[in-house]
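A.B. asks: Structure incoming, see below.
The values are calculated or read from the model by the stated rules, or taken from the named source; none is laboratory data. Here the structure is a predicted model, which is why all the values come from computation and not from measurement. A quick note on method: Cβ atoms are made from the backbone with ideal geometry, for glycine too, and the neighbour counts reach across all protein chains shown. For the accessible areas, the whole protein counts, side chains as well, though only heavy atoms, and no ligand, DNA or RNA atoms are used. Shrake-Rupley method; radii C 1.70, N 1.55, O 1.52, S 1.80 Å.
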Amino acid sequence: MQCSICGFCDASSTGYAAVVYFRVIDLSGNPSVSLLGARSKIAPVKSTTIPRLELCAALLLARWLARITVTLSLKLHLTDVHAWSDSTTVLSWLKHPHESFKIFVSNRIYKIHSLVPKCQWYYIESASNPADCGSRGLTPSDFIKHDLYFNGPPCLSLPPQQWDQYIPINTADQLPEFKIESAKVLVTQEETFEWYERFSSYVQAV
């Protein structure tokens, strides 16, 4: 039996959320997906950018995945940890060294990699992201009928080899929060000597 954890994250101007599923492959090769839990947070009152909120959602998911991994590892052998985001900016940030970006982004990239160092990240469209309802909110009547949230996206029923591996990655200097290093030029001043300093005594100079 193969067991893995699959998480999804999303953010909007009102909040951000993370949803985690438990995926089991039985001896016959049939997958079974179960909702483990979800977390959400309200966006800060102070205005911030959507990419930053998406990164906060990824960090929320990483913390949730790390805690679940520790708990389940006491009883089960987990083979993989997978995570999805619909933010190409966040996925690009995670592919570059955290030192390339400003403090806010750099710190969160570092924490994500520290919490789930072996996690494999994937891109998912917003329409298929089960964390979308947590970040944007749903009425109770819509929530109880939300199959995507309770059962996960269709890709979880497919073998990992068939999951979409494509991630549109941007170069570091094309991303928000890129830390521009100012050019530093070392200027050395050549020593200048007066003509009379070449002589050991004024008598010789004259």
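A.B. asks: Under the classification rounded if a/c is under 1.5, otherwise prolate if a/b is larger than b/c and oblate if not, where does region 114-153 fall, given a ≥ b ≥ c as square roots of the Cα gyration tensor eigenvalues?
C.D. replies: It comes out prolate by the Cα gyration axes.
A.B. asks: Still on this structure, please answer the following. Indicate, rounded to the nearest 5 percent, the antiparallel portion of the DSSP beta bridges found entirely in the chain. Before the final figure, lay out each step's value.
C.D. replies: Numbers: 22 of 33 bridges.
So the antiparallel bridges in the chain amount to around 65 percent.
A.B. asks: On average, how much accessible surface per residue is there in the chain, in Å², for a 1.4 Å probe, leaving out ligands, DNA and RNA?
C.D. replies: Heavy-atom SASA per residue in the chain reads 62 Å².
A.B. asks: On full extension of the chain, what length is gained from Val45 through Gln161, given 0.36 nm per residue of separation minus the C-alpha to C-alpha distance?
C.D. replies: 37.6 nm
A.B. asks: Then there's this: Along each principal axis of its Cα atoms, how long is the chain end to end? Whole angstroms, biggest number first, please.
C.D. replies: 104, 41, 30
A.B. asks: Here's something else I'd like to know. Based on the mean of other beta carbon atoms within 10 Å per residue, what is the order of 78-90, 154-166, most packed first?
C.D. replies: Result, highest mean Cβ count within 10 Å first: 78-90, 154-166.
A.B. asks: Which percent of Cα pairs goes in each bin when the distances of region 1-96 are cut into 5 angstrom slices starting at zero?
C.D. replies: 3, 13, 22, 20, 16, 12, 8, 4, 1, 0, 0
A.B. asks: Also: Among Lys111, Lys145, Lys179, which one moves the most in a GNM of the chain with springs linking Cα atoms closer than 10 Å?
C.D. replies: Answer for the Gaussian network model of the chain: Lys145.
A.B. asks: For the pair Lys145 and Ile103, how long in nm is the line joining their label points, each one 7 Å along Cα→Cβ?
C.D. replies: Computed distance between label sites Lys145 and Ile103 equals 4.9 nm.
A.B. asks: Same structure, new question: So what is the relative contact order for the chain, in percent, with contacts set as C-alpha pairs under 8 Å and at least six apart? Mind dumping the intermediate values first?
C.D. replies: Details: 332 pairs, mean separation 50.9, N = 206.
Answer for the chain is 25 percent.
A.B. asks: To continue, here is another question. Most fluctuating residue of Ile50, Ile169, Ile144 in a GNM of the chain with Cα springs under 10 Å: which is it?
C.D. replies: Ranking Ile50, Ile169, Ile144 by mean-square fluctuation puts Ile144 first.
A.B. asks: Then there's this: For Val70, what accessible surface area do you get with a 1.4 Å probe? Give it in Å², rounded to 10.
C.D. replies: Estimated to the nearest 10 Å², Val70 gives 100 Å².
A.B. asks: Got a number for carbon plus sulfur as a percent of the chain's accessible area, 1.4 Å probe? Can you show the working numbers first?
C.D. replies: Working: 7040 of 12870 Å².
Carbon with sulfur: 55 percent of the solvent-accessible area.
A.B. asks: Also, I was wondering about something else. Just the number: Rg to Rh for region 57-128, Cα atoms, Kirkwood Rh, two decimals.
C.D. replies: Reported Rg/Rh, Kirkwood definition of Rh: 1.00.
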